[in-house]
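Everything on this sheet refers to the single structure shown next.
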Amino acid sequence: MFLEPKFTIQQLIDRCKAGERKAQELLYKQFASKMLAVCMRYATDRMEAEDMLQNGFIRVFQKVADYRGEGSFEGWVRRIMVHSSIEYYRKHHKMLQVVNTDDVGNEPSVNPLASSNLDAQALLRLIQQLAPGYRMVFSLYALEGYSHKEIAEMMGISEGASKSQLSRARGILKEQIAKMEGKSYGYAG
């Protein structure tokens, strides 16, 4: 039985910079499951998320020489996965649905997820059911921590459209959560 030698992340990064395929494989194995979870936030299904993941890792290995060790490597990989997922979406889907900015402010400001009893998988399924534009903006803002200005630049929309889509996504999620919890407790929903 062949046992893999143990490498630190920095050693794997250095070996990837040197173009070693085995190091790339080990680095992929180290981060693939976490990064698949990131891609799932932007994909419509697992197969699409896996495509996003593969494209993201291709970019990671192409750009690994650019990683300067500032901040965590995992965070650097995560940013590449987010940008790669958005790029994949743009290539494979129609332009994002934009909602009327007059809707901004009509949704309650309470976090719709705060009082939910949903598990992470159920929440992910709800997020994946959002319209693509809503899903992307919600994921970028609520899960990745990007500002509306950054989202607008990444997605080629206005800040107002980003705010509007986030507001609508939160409203839809709140309605869906209420329906699910109502059903789970036997209430009419």
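First compute the accessible area of the range 126-165 with a 1.4 Å probe, then give the percent of it belonging to carbon and sulfur atoms.
Numbers: 660 of 1450 Å².
Here it works out to 46 percent.
With a 1.4 Å probe and every protein chain kept in, tell me what percent of the accessible surface of the range 50-92 is carbon plus sulfur.
Of the solvent-accessible surface of the range 50-92, carbon and sulfur hold 43 percent.
Can you pull the accessible area of Tyr67 for me, 1.4 Å probe, Å² to the nearest 10?
Tyr67 has an accessible surface of roughly 20 Å² with all protein chains in place.
Multiply the residue separation of Asp45 and Lys17 by 0.36 nm, subtract the distance between their alpha-carbon atoms, and state the gained length in nm to one decimal.
On the way: separation 28, 0.36 × 28 = 10.08 nm, distance 3.21 nm.
Gain on stretching Asp45 to Lys17: 6.9 nm.
Calculated FRET efficiency, Gln121 and Arg79, Cβ-Cβ r, R0 30 Å, to nearest 0.05? All intermediate terms of the calculation are to be shown ahead of the outcome.
Values: r = 24 Å, r/R0 = 0.82.
Step by step, r from the Cβ atoms, then E = 0.75.
Keeping every protein chain in place, order Ser72, Ser147 by accessible area at 1.4 Å, biggest value first, i.e. largest first.
Largest accessible area first, the list is Ser72, Ser147.
With 29 Å as the limit, write out which pairs from Lys149/Lys179; Lys63/Lys91; Lys63/Lys149; Lys6/Lys91; Lys34/Lys91 have Cα-Cα distances beyond it, or answer none.
In this structure, Lys149/Lys179; Lys6/Lys91 exceed 29 Å between Cα atoms.
Calculate the all-directions average of the projected area of the range 115-166's alpha-carbon convex hull, and give it in nm².
Seen from a random direction, the Cα hull of the range 115-166 projects 3.8 nm² on average.
The values are calculated or read from the model by the stated rules, or taken from the named source; none is laboratory data. Just so you know, these numbers come straight off a predicted model, no measurement behind them. Backbone-built Cβ (ideal geometry, glycine too); neighbour counts: all protein chains shown. Heads up: the accessible areas ignore ligands, DNA and RNA and are worked out on the full protein's heavy atoms, side chains in. Shrake-Rupley method; radii C 1.70, N 1.55, O 1.52, S 1.80 Å.
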